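Working notes, structure below.
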Amino acid sequence: MVTVYVLGGLLALLLATGLTPLVKAFAIKIGAVDVPNARKVHTRIMPRMGGLGIFGAFVITLLGLMVVAPDLLLSTERDSNLVWGLLAGGSIIVLIGALDDLYELSAKVKLLGQIIAACVVVFGFDLTVNFVNVPFGNQYLSIDDWIAIPLTIFWIVGVTNAINLIDGLDGLAAGVSGISIATLLVMAVFMGNPVVILLCALLLGSIIGFLFFNFHPARIFMGDSGSLFLGFSLAVLSMLGFKQVAIVSFVTPLLIIGVPLSDTFFAIVRRWLQKKPIFAPDKGHLHHCLRELGFSHRKTVLIIYGIATFFGILAIVQSVAASHHANWVTFVVICILLVALQLGAEVIGIVSKKRRPMLDMLHRIRVKVDSRSDS
């Protein structure tokens, strides 16, 4: 079984490595290119649509394994629905993303496409979030369909866009998505879910193969075809991919996508405080703030990789603790997370350059301690 996972991941990696140059040439030929502007970091025209390389490598490998080892992927109705739902919804998402890479669709059209893809998953393959685990208890609460269906659609659309929002530097969105996928893979190993392990292995291999061409200095961008597909895949797998769903707290998926989710949250707060439209673009995202602090392009990406890894480790620890009913760990994880988010936001100025309540409080405490020691 382990051999299948490893070989599947390696095959996806090799396919992505081979397909990406072909996608690059195709994107240039049809004019799917990214032109620099005031909000963008790159200074030269770059081909996009790189997501087609990721998607193509994933799909080809997955379909091949479905032919060779159908019992591994389609043994139960839930596993079959997960696989086909990911393929069907992902295909719609990639189509919308590719059209946007070429024609720059309006936000409303892209949102409509994302909702359609989410509805395909929910109504076509009966994949919904029909429970909520109580992190400080040993039971979980079932959710009625009238709540579960819109909640699932909201989650899928929200996570899909969150990944898209952080796609601002070479290798950033792909790398962060890869770390999140790797986190899901580790959790699936602990839970003994072969289907999710395999899907994550294929996605991770496809991402790594693409990163050879996308890490700084990038030779191709993955565009919306890539960021939307990876966000969609993360949304589906993070909420619906586990057989032992009862032991996974609702805190866990939030941690898995902690970087894009927190960046989106801080963007909303920042724009609200500045009395700007919530969906108005700006240069206040995490990667912009780190660049303003003087970090190079490559170091900024690596720092965010480190933050994503920190979130991933917290997710794994919290998930394993939840499976052993160690609910105090969830409380500790939440406290660490909230303090780290607040301090980090104030240090880099992602919400405001002037409002820093926690840092100001720590400064006042330090001044008092120093004054007492001097006296």
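The values are calculated or read from the model by the stated rules, or taken from the named source; none is laboratory data. Source: prediction; values computed, not measured. Cβ sites come from the backbone with ideal geometry, for glycine too, and all protein chains shown count toward neighbours. We work out accessible area using only protein heavy atoms, side chains counted, and drop any ligands, DNA or RNA first. Shrake-Rupley method; radii C 1.70, N 1.55, O 1.52, S 1.80 Å.
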Exercise for the section: Any chance you could look up the accessible area of Arg355 with a 1.4 Å probe, heavy atoms only, rounded to 10 Å²? Expected result: 150
Handout entry: Chain lengthening between Ala69 and Thr309 when straightened (0.36 nm per residue, less Cα-Cα)
Key = 83.2 nm
Fill in the blank from the handout: Rounded to one decimal in nm, the spacing of the 7 Å Cα→Cβ label points at Ala340 and Leu112 is 4.1
Exercise for the section: List the lysines whose Cα lies under 26 Å from the Cα of Lys110, skipping any in the same chain that are fewer than 8 positions away. Expected result: Lys24, Lys29, Lys40, Lys275, Lys276, Lys283
Problem - Residue-count net charge about Lys110 - beta-carbon cut-off 13 Å; Lys, Arg +1, Asp, Glu -1 - result: -3
Exercise for the section: Work from the charge dipole of the chain (Cβ charges, +1 for Lys and Arg, -1 for Asp and Glu, about the Cα centre) and give the residue of Ser371, Cys119, Leu338 farthest towards its positive end. Expected result: Ser371
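What is the packing order of peptides 54-60, 363-369, taking the mean over residues of other C-beta atoms within 10 Å and listing the highest first?
For the peptides 54-60, 363-369, the packing ranking is 54-60, 363-369.
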Problem - Within the stretch 175-208: backbone nitrogen closer than 15 Å to the Val320 label point (7 Å, Cα to C-beta) - result: 183-192
Fill in the blank from the handout: In nm, the gap between the two label points placed 7 Å beyond Cα toward Cβ at Arg364 and Ser296 is 4.1
Problem - Cα-Cα pairs of the stretch 55-106 separated by more than 14 Å (percent) - result: 59
Practice task
Mind listing the long-range amide H neighbours of Met222? Cut-off is under 5 Å, sequence gap 5 or more, other chains count too, H placed in the peptide plane at 1.01 Å from N.
Solution key: Gly50
Practice task
Let me know the Rg and Dmax you get for the stretch 1-112 when you use only its Cα atoms, in Å.
Solution key: 17.0, 52
Practice task
Whenever you get a sec, line up Met187, Met361 from highest to lowest accessible area (probe 1.4 Å, protein heavy atoms).
Solution key: Met361, Met187
Problem - Helix-only mean residue ellipticity at 222 nm for the chain, each DSSP H run of n ≥ 4 adding -39500 (n - 2.57), per residue, nearest 500 - result: -24000 deg cm²/dmol
Fill in the blank from the handout: In Å, the C-alpha Rg and Dmax of the chain are 21.1, 78
Fill in the blank from the handout: The answer for Leu105, listing residues at least 5 apart or on another chain whose modeled amide H is closer than 5 Å to its amide H, is Asp100
Fill in the blank from the handout: Any DSSP H helix in the chain with Cα axial reach of 20 Å or more and mean Kyte-Doolittle score of at least -0.5? Listed by number, the hits are 2-30, 51-68, 77-103, 145-165, 172-191, 194-214, 223-240, 258-273, 297-323, 327-348
Handout entry: Long-range HN-HN contacts of Val33 with modeled amide H, under 5 Å
Key = Arg48
